[in-house]
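Readers should treat all values here as calculations from the given coordinates under stated rules, not as data from a laboratory. Since this is a predicted model, take the numbers as computed values, not measurements. When we count neighbours, we look across all protein chains shown, and the Cβ atoms used for this are built from the backbone with ideal geometry, even at glycine.
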Amino acid sequence: MPFIEVAGQQIEVDEDGFIQDPSKWTPEVAAFLAKGEGVDNLTDDHWKVVNYLKDYYEKHGIAPMIRKLCKDTGFTLKQIYELFPTGPAKGACKIAGLPKPTGCV
Amino acid sequence: MGHHGPTPEGFRRIPTWEVAKQPAERPKKPATPKTATKKTLHELGIVEVPDEHKVQAALERLHEQIKQRRSYMLAMESCVKCGLCQENCHTFLGTRDPDDSPVGRADLIRKVWKRYFTVQGRLFGKLVGAEDLTLETIQKWLAYFYHCTECRRCGHVCPFGIDTCEITMLGRQVLYWLGVVPALHADSCAAIHRLGNNMALTKSGAVDTLEFLSDEIEEERGFRVEFPVDKPDSDIVYVPSSADFMLNPDTLKGAALFFEYIGANWTITSRMIEAGNFGYLVDQYRTQRELVTRLLESAKQLGAKKIVWGECGHGWRAAKQYARTMADVNGIWHIPIVHIHDEIASYIVTNQLELDPSRITRPVTLHDPCNYARACGHVENMRIIIRKCVSEFREMYPNGERNFCCGGGSGVLFDDPEMYPMRIRFSQKKAEQIRETGVPDGPDGGILCAPCSICKAQFYPMVEEHELNVEVKGLLDLVGKALVFRGKETSGGKKW
């Protein structure tokens, strides 16, 4: 398993760069992962999405339906793609510390 | 069932000159999916066979499997290399790599079979087309058996009736036992054993999503429809398609609206919450069995009289054709398993549904999911439904049993830099077909109806890659939209 190093802490990630233990997530980790997803600077809008995903995952153990994510954060899907060029599932979810989606997605 | 194209030749509509336009060429190294980590394999209870033992282990598994089934033996012995399958395979049409064709892929096993298990192969080796099994060949298996989307178009045209996809499935199974599995498939199978479904859905997440969909229906139509979960004494257990919970809200809503319309006593079960079965795609023993067993057990627990299947292609084949014989339960297999499309079509032909096609005004074309069309006989019923739901339906050609795959079949939904471009090439033929309908050309574009979660997951990015101005939707989406709830709804919602 590969590791990333953020603020002196070694964090295990899978081969696609998703962190393996959600409890290791910190805002610094998010900023580090964001760079790999083409997001150099996490703005308030980015944080709104990231925090929403993180809270949802903590509550339900799964990422939300994309349409619900849009409705609850007030962004259109197009805006989400503008914020996270690699998309909501593989970009935004990764930054928020969620696991890589499986199955037919 | 005939939905023949404008040319009577059907399959031969892809002229051979088109295939010959570009020279067939083998790449130095075929694009290969990333494989699972040790950790995931451990979750699946498998350990990768060390390289020095791989060849021997593979030969033992092959021998044991091929001896067991006459269809494998038929495939090994009967191919005359006529090439008909090649010109009918969307991966070959997209890549021009001879190994990336049905006969090319089957030969990766056939040559080995000849070398070790036939007299002529043992005596004369290469002279009779036999070849040693090496680690390089096993690496090629991984690439090419996961380029095959198991669409079975080749099996449909083979004059000898060889179902070449059965061979690539056999290859995938042997690879699984060797511990060589693409990460995407292994992770999905691990989710099945951990949580009971491919998507790693939780009950709490599903319930939250379903409440959200109830709210949406209320906003759009002015009345509320509930999605019961684990409701005891339900007549119907409904198994929605996997990505309905993530990407395809209108498909799930369509199913609920249909059940509401007919006044069904239905429920979704958290034990078998979605219809996918990645076991069927890589491990037809332990993993596939786990899910079909769950299915029958949960239906029994809830007292269901019928299991109704959602819009999932491979999962439907896995359940319809294998649940009864494969499930690890005795005595409760009398519960009928039907597909929701067949249910809806039966209500339509008996005039029990009021559907308003004027709510869907953009032109619509239909992609026949391979498992429906070539394995489960859905061709007519999908058309009975779609014609009643939309203002303008245009067939793409060829269609029905002669359709081309979306290019993502059997979970070939890899998104890594090596495999993603392959998906674009695999869907090239399909893109041509869609373009030819003219459906994307309207001022507001059109609708591509693709009633299967894998097809949808492939098309969402592929219509962008091929610059097709179409919105991807399911068939249930269209049903839900067109159903008229007299005295109940305040609006049909926005026009599509």
Task: chain B - Cys residues lacking any other Cys C-beta under 4.7 Å - done: B:CYS79, B:CYS82, B:CYS89, B:CYS148, B:CYS158, B:CYS165, B:CYS189, B:CYS312, B:CYS376, B:CYS389, B:CYS449
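Just want to confirm a number: the relative contact order over chain B, from Cα pairs under 8 angstrom separated by 6+ residues, in percent.
Relative CO of chain B lands at 17 percent.
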Task: Cβ-Cβ FRET estimate between B:GLU392 and B:LYS494, R0 fixed at 22 Å, reported to 0.05 - done: 0.80
Open item on the list: Going 7 Å from the Cα of A:LYS59 along its beta-carbon direction, which residues of the range A:12-38 have the amide nitrogen within less than 12 Å of the resulting point?
Closed with: none
TODO: Arrange the following residues from fewest to most other Cβ atoms within 10 Å of their Cβ: A:TRP47, B:TRP309, B:TRP316.
DONE: A:TRP47, B:TRP309, B:TRP316
TODO: With a/c under 1.5 counting as rounded, go ahead and sort the range B:42-140 into rounded, prolate or oblate using the C-alpha gyration tensor (a ≥ b ≥ c being the square roots of the eigenvalues; past the cut-off, prolate if a/b is larger than b/c, else oblate).
DONE: oblate
Open item on the list: Based on Cα coordinates alone, diagonalise the gyration tensor for the protein assembly as shown, multiply each eigenvalue by 5, take square roots, and list the semi-axes in whole Å, largest first.
Closed with: 37, 30, 25
Task: Extension gain (nm, one decimal) between A:THR76 and A:LYS35, 0.36 nm per residue minus Cα-Cα - done: 12.5 nm
- [ ] Could you check the simple spin-label distance between B:HIS63 and B:PHE485, using points 7 Å along Cα→Cβ, in nm with one decimal?
- [x] 6.3
- [ ] Return the aspartates and glutamates within reach of B:LYS231: Cα separation strictly under 17 angstrom, same-chain partners fewer than 8 residues apart disregarded; answer none if there are no such residues.
- [x] B:ASP208, B:GLU211, B:GLU260, B:GLU274, B:GLU297
Task: Backbone N under 20 Å from the B:GLN56 label point (7 Å along Cα→Cβ), restricted to the range B:128-146 - done: B:132-139
Open item on the list: What does the charge count around A:SER23 come to, taking other residues whose C-beta lies under 14 Å from its C-beta (Lys +1, Arg +1, Asp -1, Glu -1)?
Closed with: -1
Open item on the list: Past 24 Å, Cα to Cα: identify those pairs from A:LYS24/A:LYS59; B:LYS39/B:LYS67; A:LYS68/B:LYS320, in the order given.
Closed with: B:LYS39/B:LYS67; A:LYS68/B:LYS320
Open item on the list: Once each part is reduced to its C-alpha centroid, what is the distance from the range B:32-79 to the range B:304-345 in angstrom?
Closed with: 28
- [ ] Using DSSP, restrict attention to beta bridges with both residues in the range B:346-496 and report what percent are antiparallel, rounded to the nearest 5.
- [x] 10
Open item on the list: Quick check: Cα centre of the range B:349-415 to Cα centre of the range B:152-176, how many Å?
Closed with: 25
Task: trypsin sites (Lys or Arg not before Pro) restricted to DSSP loop in the range B:211-293 with at most 14 other C-beta within 10 Å - done: B:ARG224
Task: Hz values of 3J(HN,Hα) by residue in the range B:43-48 - Karplus curve (6.51, -1.76, 1.60), Gly and Pro given as x - done: 4, 7, x, 10, 10, 5
TODO: Would you grab the residues whose amide H sits under 5 Å from the one on B:TYR238? Only those 5+ places off in sequence or on another chain, please, with H modelled 1.01 Å from N.
DONE: B:THR267, B:ILE268, B:THR269, B:VAL308
Open item on the list: What is the sum of charges, Lys and Arg at +1 and Asp and Glu at -1, for the other residues whose Cβ falls under 12 Å from the Cβ of B:PHE212?
Closed with: -3
- [ ] Starting from the Cα-Cα distance between B:ARG224 and B:GLU465, subtract it from 0.36 nm times their residue separation and give me the gain in nm to one decimal.
- [x] 83.0 nm
- [ ] Measure off 7 Å from each Cα along the Cα-to-Cβ vector at B:GLU48 and A:GLU12, then give the distance between these two points in nanometres to one decimal.
- [x] 1.6
Open item on the list: Below 11 angstrom from the Cβ of B:GLU465, what's the summed charge of the other residues (Lys, Arg +1; Asp, Glu -1)?
Closed with: 0
TODO: Describe numerically, in nm with one decimal, the distance between label points set 7 Å from Cα along Cα→Cβ at B:PHE124 and at B:LYS300.
DONE: 5.5
